[in-house]
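What follows draws every value from the coordinates through simple rules; no lab data is involved. Values in this document were obtained by computation on a predicted structure and should not be read as measured data. Positions of Cβ are generated from backbone atoms using ideal geometry, with glycine treated the same way; all protein chains shown enter the neighbour counts.
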Amino acid sequence: MTSRGTKYWNSGAIPLIAPEILGDIIAQVADVGVVIDEDGTVLSVLVNPNNPGFQGMVSWENNDLRRFLAEESIPKFDNRLGEFLDENGAVRPVEINHLDPDKRWGSPVRYSFHRIGPDGAILLLGRDLQPIAEMQQQLVEAQIALERDYEVQREYDTRFRVLMESTSEAILFVSVQSGEVTDANAATFALLDRSAEEVIRHPLIDCFESRGRGDLIENLASQAMSQLTKEITADIRGSGTSVKILPTLFRAAGDRILLCRLIPADAVNVPSDDLSKNIQGLYNDGPEAIAFVSDAGDVLSANDAFLDMIDVAHDINVRGRSFADYLQRGSVDFKVMAENASRAGKMRNYATKLAGEYGSPRPVDISVTRLLAGKKTVFAFVIRDAARVDASQPKANQSRDESMRSVVELVGSASLKDIVSETTNVVEKMCIETAVELTMNNRVAAAEMLGLSRQSLYVKLRKFDLLSRDTDD
């Protein structure tokens, strides 16, 4: 109610509003308000204070609005203004692009037309379309990028299909989680004697005989993780043909996938002079423990004989661990063997003890060979159980037995103090001789093995007349 008791709103009509208040209202409800006459001359400009980009439009007053429109927007503006004047009523808003004469500023604006007085003045209420235009541009760029990705994906898919169908080897892909065949080539369908509909999206175990079917996927995954080339043999259901399955495990789109190569068992004929396969067979089935170690001391791979020695169930538990962890003297043993193998290319019959996490140490003889894998150095360790060596082999150094016999002969002819002193010297000499032999006369390594400084080792070598002997050797 007003102070006179009348209503502000009467029959849907808006009450009289002061001009200065009306300008503020227009500036707040629209991004920009432009008052023009019927010829298109700008009479006044009202700019929303929250849109600083439109502040320069205030200088348009007393100028033709067409001067500030893009070339393609002028016909659109004239047509819509003509419709508004002819119909003398509401017309659809028009979307036009502003551009100053210096072409330094531009923005798309959506204008609606409104009569504001009998003198022919027309109010254009504008809404800034720049945010919408930027969003549309982002959507267009995203769509273009998506189409480009689709093209790349289709190209790779075509390459994959051509490669799969051009190879004569039976290849299929299996999901580890579901056990279903996700893809296969024509050679696979021919080998299994099944159509694509009977293989794709069906469990792999349905293609083979029932014996051990439940463990087939687990065995394939375990075999692939072990990085061994042992095949898994299975019989095709229906035909009974035996095939060897060679799995490779990888991850794609969060799912573990098995790539399986199927080779008929009767088609595999390994030549007797195939060196690589013979060596692989010796590594897998040989009685000697074999381990490949990087120059940093990490285990790269180990065969089953080595795993039996340290009582480990699977080689995945030793890969990446330090080889020195399984040696009695740890890094000292590894350093001695690695340095000698690096210098001479190989080292034979290094005596030490090997032990796993749960077993007791066992004496072993280790031979080391330095290999080059590309530009990287790899050490191949061949380990033999010294407890199984024939006890009839002669001892390497007879001087130690003579020293022990000389100590025994002192009983009865010397005091206990003298005997103990002589025994200490014998034991000390034996330890120094052993360390020098194990390190192949490497004085620094021998001193480190005995826990002595290099100077102390030289003093003891002179004391026992070993220095000149080693030089002569």
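Tabulated data
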| read-out | value |
| --- | --- |
| Around R321: net Lys/Arg minus Asp/Glu count, Cβ-Cβ under 12 Å | -3 |
| Net charge, T369 excluded, C-beta distance under 12 Å - Lys, Arg +1, Asp, Glu -1 | +3 |
| Cα gyration tensor shape of the stretch 167-267, rounded if a/c is under 1.5, else prolate or oblate by comparing a/b with b/c | rounded |
| Zero-based 10 Å bins, Cα pair distances in the stretch 275-388, whole percents | 14, 51, 31, 3 |
| Cβ-Cβ FRET estimate between D64 and R148, R0 fixed at 56 Å, reported to 0.05 | 0.80 |
| Ordering of 315-328, 452-465 by packing [mean C-beta count within 10 Å, highest first] | 315-328, 452-465 |
| Net +/- balance of residues flanking G120 in space, Cβ distance below 13 Å, scoring K and R +1, D and E -1 | -3 |
| Cβ-Cβ FRET estimate between R462 and N219, R0 fixed at 56 Å, reported to 0.05 | 0.35 |
| Rg to Rh, two decimals, where the stretch 42-170 supplies the alpha carbon set and Rh follows Kirkwood | 1.33 |
| Computed lengthening from T167 to A190, 0.36 nm per intervening residue step minus Cα-Cα distance | 7.0 nm |
| Of K335/K429; K277/K346; K353/K463; K335/K376; K346/K463, those spanning more than 26 Å from alpha-carbon to alpha-carbon | K353/K463; K346/K463 |
| Global form of the stretch 267-339, assessed from the alpha-carbon gyration tensor, a/c cut-off 1.5 | prolate |
